[in-house]
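One structure below.
No lab work stands behind these numbers, since they all come straight from the coordinates. The model shown is predicted, which means the values in this text are computed figures rather than measured ones. Here the Cβ positions follow ideal geometry from the backbone for every residue, glycine too, while neighbour counts run over all protein chains shown.
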Amino acid sequence: MSDGFRLTHKKQRTFKTKNMASYYNENTIVWLNGAFVKASEAKMDFYSQSLHYGYSVFEGIRSYKTEKGTTKIFKAKEHYDRLQQSAEALNMPYHWTSEELIDATYEVLKRNNLQDAYIRPVIYAPANMSFVRNKESFIIIEVWEMLPFLGEKLLRVFTSSFQRPNPKGFKIHAKAGGHYVNSILASQEAKANGYDEALLTDMNGFVAEGPGANIFYEKDGKLFTPSAGNILTGITRATVLEICDELGIPVEEKLFTVDELKKADAAFFCGTAAEVIGWESLDDVKFPKQWNETVSRKIQEVYMDKVKEASPNASQGGAYQHTAPIVEEAV
Ligand code: PMP
């Protein structure tokens, strides 16, 4: 969603300054190029190519406290493999293995005493004001508390005047820092117009995705989602496709227009930060089906069971207590 949606909560360890969430405090530990250091003492080079040109890649990952009480990073390998693919797509040197980064992440979570968390690894470049390739890259892994979402809140979505970047101009399948200028513009525009979140089309005017999430719509019990090509095909999108397969829900990947989407019974965004979150309306056109009666709602429940390694339908038994309002905190 705006980069994603997320929940704040009373017990959240992050604290708020005037308008902005603050993601760390004086005790927070990050993993910086192989060392555990205090976030407040971590330094990077202000002459970095990443800061000046948005030339960085990152991931948005979540860990959950499972039903058994353990800490589980959901689809850790898929996320760290994508981090490597993103770096390689941008010609950034990459010398880490997913396994070592997963181990480091569990340790950062432990040192920050976090189970339900958002995990943000960033690969960034050294000082370089030119456009030539670098000989090295750097990494930081940051974590902050993020609680699971119960799923009752529905979004009022706005069709953005911004389109997603042209895949002939960007490596659109890479999760690159600079791509998110587009996301920020779209999300800010949606909010300035009084909506919760933006929907962006691709350069040909077909529905593409949210600023930080993929989209599905439901019609007559069947699901539809934009096909690959002009979107970041998310790990959550793949999980939703898996769930459809497991539950025998028909699903089709295809290109469709905003007008077609407005005739849907229901729609939702999905992403690591967003999880699965239903829509109330698109450009004030309400979706007719009660969210609780949709197939989409069932997918939302199964998704939450999966991330928490809960037994099926635990969500209906009240396993999730958090209904905090959504704010944007992550992608
Ligand atoms: N599209 C965009 C533009 C995103 O930023 C994200 C969030 N990473 C997604 C889709 C969803 O991806 P994932 O399910 O892997 O979080």
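Helix hunt in the chain: which complete DSSP H runs extend at least 15 Å axially by C-alpha with mean Kyte-Doolittle at least 0.0? Taking the DSSP H segments of the chain (at least 15 Å long, mean hydropathy at least 0.0), we get 180-192, 235-247.
Applying the criteria of a DSSP loop state and at most 13 other Cβ atoms within 10 Å to the trypsin sites (Lys or Arg not before Pro) of region 20-72 yields Lys43, Lys68. Overall, the ratio between the Cα radius of gyration of region 6-145 and 2.2 N^0.38 Å, rounded to two decimals, is 1.08. Non-local lysine pairs in region 167-264, meaning eight or more places apart or on different chains, with alpha-carbon distances under 25 Å, amount to 14.
Applying both filters, DSSP loop and at most 14 other Cβ atoms within 10 Å, to the GluC sites (Glu not before Pro) of region 83-157 gives Glu136, Glu152. Computed from label points 7 Å out along Cα-Cβ, the spacing between Val37 and Asp283 is 4.9 nm. Ignoring the sites themselves, the chain has its longest run without chymotrypsin sites (Phe, Trp or Tyr not before Pro) in a DSSP loop having at most 13 other Cβ atoms within 10 Å at 132-331.
Of the trypsin sites (Lys or Arg not before Pro) found in region 147-178, those in coil by DSSP whose Cβ has at most 15 other Cβ atoms within 10 Å are Lys168.
Bridging of Lys286 to aspartates and glutamates at a Cα separation below 17 Å is possible for Glu152, Asp196, Glu197, Glu218, Asp220, Asp259, Glu260, Asp265, once same-chain residues fewer than 8 apart are set aside. When Asp284, Asp265 are arranged by Cβ crowding within 10 Å, least crowded first, meaning fewest neighbours, the order is Asp284, Asp265.
Cα-based radius of gyration for the chain, normalised by 2.2 N^0.38 Å, reads 0.97. Rounded to the nearest angstrom and listed largest first, the equivalent-ellipsoid semi-axes of region 208-316 from its Cα gyration tensor are 21, 16, 13. Each of Val258, Phe268, Thr201 was scored by the projection of its Cα onto the charge dipole of region 155-327, and the greatest displacement toward the positive side belongs to Thr201; charges sit on the C-beta of Lys, Arg, Asp and Glu.
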